[in-house]
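**Q** Provided herewith is a single structure, encoded as structure tokens, for subsequent inquiry.
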Amino acid sequence: MAFRSDLEDIVYPDDSGELGVLQYRLAFTATTKLLVVVHLVHADTAFASPNTSTFVRDTLLNRILTDRLEGVPVNSVRLVVTDNTGTFEYAIDVDIDDYIRRGNPYDAAQISSSGTRVFEHISLKSGDVIAGRTRVQTAHSDAAPPSAEVTDAIA
């Protein structure tokens with residue numbers, strides 16, 4: 001089931017709380033494991049680009065996942081941003097603190113270290129991470145060229 005939605009406008013705050021506007025769309029791949037691509041298209045240079053602001057990227061991504069995909073069983077979500085500098089893909093990480101705080105399932109084990117230090121190892125099953133049920137972030141991600149699969153989905 002390959003699908004690509006029409007572009008829709010979305011309003012967002014930038015890092016300083018100023019207004020920003022861009023368009024976005026969702027694309028689904030035609031593979032057995034459902035991949036969803038969130039594609040942000042930034043055209044107006046008067047507004048902050050998601051390619052230059054982690055805050056803008058994460059705000060938009062979390063809003064779209066919650067508003068449009070909450071509860072939808074997807075295997076993977078990818079974020080792609082297009083602006084006047086090009087098209088880039090960003091890796092997405094789950095906000096572990098938010099995930100646990102919302103009561104989502106996880107496994108924890110205490111690991112002893114030297115002396116009296118004890119570390120807690122937390123692991124998540126990827127099937128338990130559902131779009132819109134926890135915050136995600138791209139803060140530790142560098143812009144990369146989109147993969148062939150993602151390029152095909154948004155073409």
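Each value in this text was obtained by applying a stated rule to the coordinates, not by laboratory testing. Source: prediction; values computed, not measured. FYI the Cβ positions are ideal-geometry reconstructions off the backbone, even for glycines, and counts take in every protein chain you see.
**Q** Restricting to region 35-155, compute how many DSSP beta bridges are antiparallel as a %, nearest 5.
**A** Details: 14 of 21 bridges.
Just about 65 percent of them are antiparallel.
**Q** Here's something else I'd like to know. Among DSSP bridges having both ends in region 1-92, what percentage is antiparallel? Round to the nearest 5. List each step's numbers first, then the result.
**A** Details: 19 of 26 bridges.
Percentage antiparallel, nearest 5: 75.
**Q** Would you mind checking the tilt of helix 54-69 against the longest principal axis of the Cα atoms of the chain, expressed as 0 to 90 degrees and rounded to 10?
**A** That helix lies at roughly 90 degrees to the long axis.
**Q** So, in nm, how far is label L19 from label A2 when the simple model puts each one 7 Å beyond its Cα toward the Cβ?
**A** So the label points at L19 and A2 sit 3.8 nm apart.
**Q** With charges set only on the Cβ (+1 for Lys and Arg, -1 for Asp and Glu), what does the dipole of the chain come to about its Cα centre, in debye to the nearest 20?
**A** Values: 13 positive and 22 negative charges, 108 e Å.
Computed charge dipole of the chain: roughly 520 debye.
**Q** Quick one, can you get me the convex hull of the C-alpha atoms of region 3-155 expressed as volume per residue in Å³? Don't skip to the answer; put the middle values down first.
**A** Working: hull volume 22.4 nm³, N = 153.
Hull volume normalised by residue count: 146 Å³.
**Q** Which whole-Hz ³J(HN,Hα) couplings does region 87-92 yield from phi under the Karplus relation 6.51 cos²θ - 1.76 cosθ + 1.60, θ = phi - 60°, glycine and proline marked x?
**A** Once θ is set to phi - 60°, the couplings for region 87-92 become 10, 9, 10, 10, 6, 10 Hz.
**Q** Take the alpha carbon atoms of region 67-92, find their center, do the same for region 107-124, and report the distance between the two centers in whole angstrom.
**A** 33
**Q** Note down the nm distance, to one decimal, between modelled labels 7 Å out along Cα→Cβ at S147 and at V74.
**A** Calculated label separation equals 1.4 nm.
**Q** Among 86-96, 8-18, 112-122, what's the highest-first ranking by average C-beta atoms within 10 angstrom per residue?
**A** Numbers: 86-96: 16.7, 8-18: 12.3, 112-122: 8.3.
Going by the mean number of other Cβ atoms within 10 Å, highest first, we get 86-96, 8-18, 112-122.
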